Amino acid sequence: MVTRTYDENTVIFFDTTLRDGEQSPGATLSSAEKLEIARQLSRLGVDVIEAGFPAASPDDLKAVQRVAREVGTEDGPTICGLARAVESDIRTCWEGVKDAKKPRIHTFLGTSPYHLRMLNISEEQALERIRNAVTLARSLCEDIEFSPMDAGRTDIEFLIKACATAVEAGATTLNIPDTVGYVIPSEWADKLEHLIAETPGAGPGSGVIWSVHCHNDLGMATANTLAAVKVGVRQVEVTINGIGERAGNTSLEEVAMTIQTRKPYYGLRTNIDSTQIMKTSRMVSNYMGMPVQPNKAIVGANAFAHESGIHQDGVLKDALNFEIMTPESVGLHQSKLVLGKHSGRHALKKRLEELGYQVEGDALNQVFARFKHLADTKKNVTDADLEALMTDEFSKPQEYFSLSDIQVVCGTMGMPTATIRMHNANGETFVQSAVGTGPVDASYRAVDTITKAPNMLIEYSVHSVTEGIDALGEVTVRIGLPNSPRTFGGYGADSDIVVASVKAYVAAVNRMIAGMGLGDIQPEGDAAVVGITTGTD
């Protein structure tokens, strides 16, 4: 087992996109998608990847094990799993992370009055559970993190006792979560400063790392996290694009770029390769079917856009007039190698490598065919086009149904009609036509008739990847089950926006089928029938 060491001037980035981020409604990932995101997080330079909650389901356990084996290498990040302060959870968590070179068990217990009432335990019983859980975890693994859940609303004196108990039992990292996004920066800084100073065995020089995990319910997750860093916290728990439960978590890109941009103020460093931020953001957004708002800091479409005449004039004279960081610093750049319909495999492969994609053999042939098709419709293929093409190619969920062909008829005269040809997992072909209020609605109705998978369209978002009339279009959709809070996202990209829309919808339907644990697909007449059963999360 390899233990990574840190110095007091380095901020440790603990990324929980694959755990807390996946708990966002509709953000379900397959094990293959989790692995690809984990690999990209490793390239980004995160220090710890919380790969999942192994006890949540057999599939989650397998996904964590796969990340531990394939990403948790000796020179890679620490691979962490989450476990309640319950013996079975902790042992299952260890099974998930034990193959990593640097494994970590993260266990937690609610400590606020609200959570103690919810658990129906006293403070004394809570301390005993903490002691037992951390002791068991430490008997399995050297690197143990403990979180007193809802610490933001926990009495400071009891919080000190809880943290001291965890350290005495063997915890090496103390993570203080603002689970419900309740605190404000000045209050949070005071509480943490007192906690660090007064917790026995966890002060400066003890080797214990202090951490925070802030939620964004009041829109202050990043501010609270940075306030914590200023008073000595050296691990920040974050997610890409700030995704997570309810209003989300602290955004990795915001904290990383603040520390980098305001280095004279913080006097700290990180291991984050900021040039990988934009690629990671797009991958997570597209895999999870969760668009990034245009005005999102760092990674939003408008983050480096200027419309005001005064701003445009100032940027043209000197970018520093209105830009405190460069687009290139977060991975936004234009290709120096112009790709078009006459470009060959070698040029495409080289550009993809420059963008961080390693594609060989059959996979390269498959991407090259898609590239040629795109190049036939555009004069030049940009980096953004290639990013979208790669995401669309490799973010597909398990295909219970796949789109073959689509034809639509629409306009001001007549009724919009779509004809769809699809295949199911058994290799059977189905053709269906439908009429709708527009070409997308008609297409979706045809897909519904083929799949017979009842759902509700909750969200539909479309935007162009690049400028111009020949731009590649991206579509993300979110669908839900009748009488169920669960939602499922899908992503599609194509130069034809209706085709992109159908790709996204079919991807969401496939995720819904997989997410509900549905197995058999039975042909019936002119369409396939998929049985839908609802259950508890």
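The values are calculated or read from the model by the stated rules, or taken from the named source; none is laboratory data. Just so you know, these numbers come straight off a predicted model, no measurement behind them. All Cβ positions, even for glycine, are placed from backbone atoms using ideal geometry, and neighbour counts span all protein chains on display.
Per-structure values
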quantity	calculated
Checklist (1) of a type in the set (A, V, I, L, M); (2) under 21 Å from the mean Cα position of the chain (by Cα); (3) buried (at least 21 other Cβ atoms within 10 Å of the Cβ) applied to I90, failing item	(2)
Close pairs from region 47-70: first closer than 18 Å to I240 by Cα, partner assigned to a loop (DSSP other than H, G, I, E, B) and polar (S, T, N, Q), Cβ under 9 Å, at least 6 apart	D47/T270; D47/N271; V48/T16; I49/T16; I49/T17; E50/T16; E50/T17
Residue within region 322-331 that is surrounded by fewer than 17 Cβ atoms within 10 Å (Cβ to Cβ), out of contact with any strand residue (DSSP E or B) (no Cβ under 9 Å at 6 or more places or on another chain), outside the structural domain of T172 (by TED's automatic domain parsing) and at pLDDT below 80 present	yes
Region 410-428: number of residues that are in a strand (DSSP E or B) and of a type in the set (A, V, I, L, M, F, W, C)	3
Strands (runs of 3 or more DSSP E) within region 125-244 that include 2 or more residues at pLDDT below 95	none
Qualifying residue in region 195-207 (condition: surrounded by fewer than 24 Cβ atoms within 10 Å (Cβ to Cβ), in contact with a Gly (Cβ under 7 Å, 6 or more places away or on another chain) and under 15 Å from S147 (Cα atoms))	yes
Residue in region 251-262 that is touching a Pro at 6+ places or on another chain (Cβ under 9 Å) and either modelled with pLDDT under 95 or surrounded by 22 or more Cβ atoms within 10 Å (Cβ to Cβ) (or both) present	no
Unmet requirement for R138, which otherwise passes all of (1) more than 16 Å from G81 (Cβ to Cβ); (2) in contact (Cβ under 8 Å) with a residue 24 or more places away in the chain	(1)
Sole exception among (1) within 29 Å of V509 (Cβ to Cβ); (2) buried (at least 24 other Cβ atoms within 10 Å of the Cβ) for A100, by number	(1)
Subset of region 18-48 (residues that are more than 18 Å from Q358 (Cα to Cα), at pLDDT below 95 and of a type in the set (D, E))	D20, E22
Filtered residues of region 351-372 (kept if over 25 Å from the mean Cα position of the chain (by Cα) and free of Cβ contacts under 8 Å to residues at least 24 places away in the same chain)	E360, G361, D362, L364, N365, F368, A369, R370
Scope region 49-84; condition more than 19 Å from R39 (Cα to Cα) and either at pLDDT below 95 or surrounded by fewer than 24 Cβ atoms within 10 Å (Cβ to Cβ) (or both); matching residues	A55, A56, S57, P58, R84
Residues that are hydrophobic (A, V, I, L, M, F, W, C), more than 15 Å from L44 (Cα to Cα) and buried (at least 21 other Cβ atoms within 10 Å of the Cβ), drawn from region 268-291	M288, M290
Inter-residue pairs, beta-carbon under 6 Å, first farther than 13 Å from H115 by Cα and in region 149-174, second of a type in the set (S, T, N, Q) and part of a strand (DSSP E or B), 6+ apart	T173/S211
Residue match in region 283-291 (condition: part of a loop (DSSP other than H, G, I, E, B), among the β-branched types (V, I, T) and modelled with pLDDT of 60 or more)	no
Residue among A500, A453, A528 that alone is at pLDDT 65 or above and either closer than 21 Å to E387 by Cβ or part of a strand (DSSP E or B) (or both)	A500
Of all residues making up region 350-384, the number that are at pLDDT 75 or above and either in the same structural domain as D273 (by TED's automatic domain parsing) or in a helix (DSSP H, G or I) (or both)	19
Selection status of T111, closer than 27 Å to F13 by Cα, crowded, with 23+ Cβ neighbours inside 10 Å and over 23 Å from the mean Cα position of the chain (by Cα)	yes
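Here is a yes/no grid of residues against (1) in a helix (DSSP H, G or I); (2) assigned by TED's automatic domain parsing to the domain that holds G21; (3) modelled with pLDDT under 85:
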| site | (1), (2), (3) |
| --- | --- |
| S443 | yes, no, no |
| L457 | no, no, no |
| Y460 | no, no, no |
| G468 | no, no, yes |
| P485 | no, no, yes |
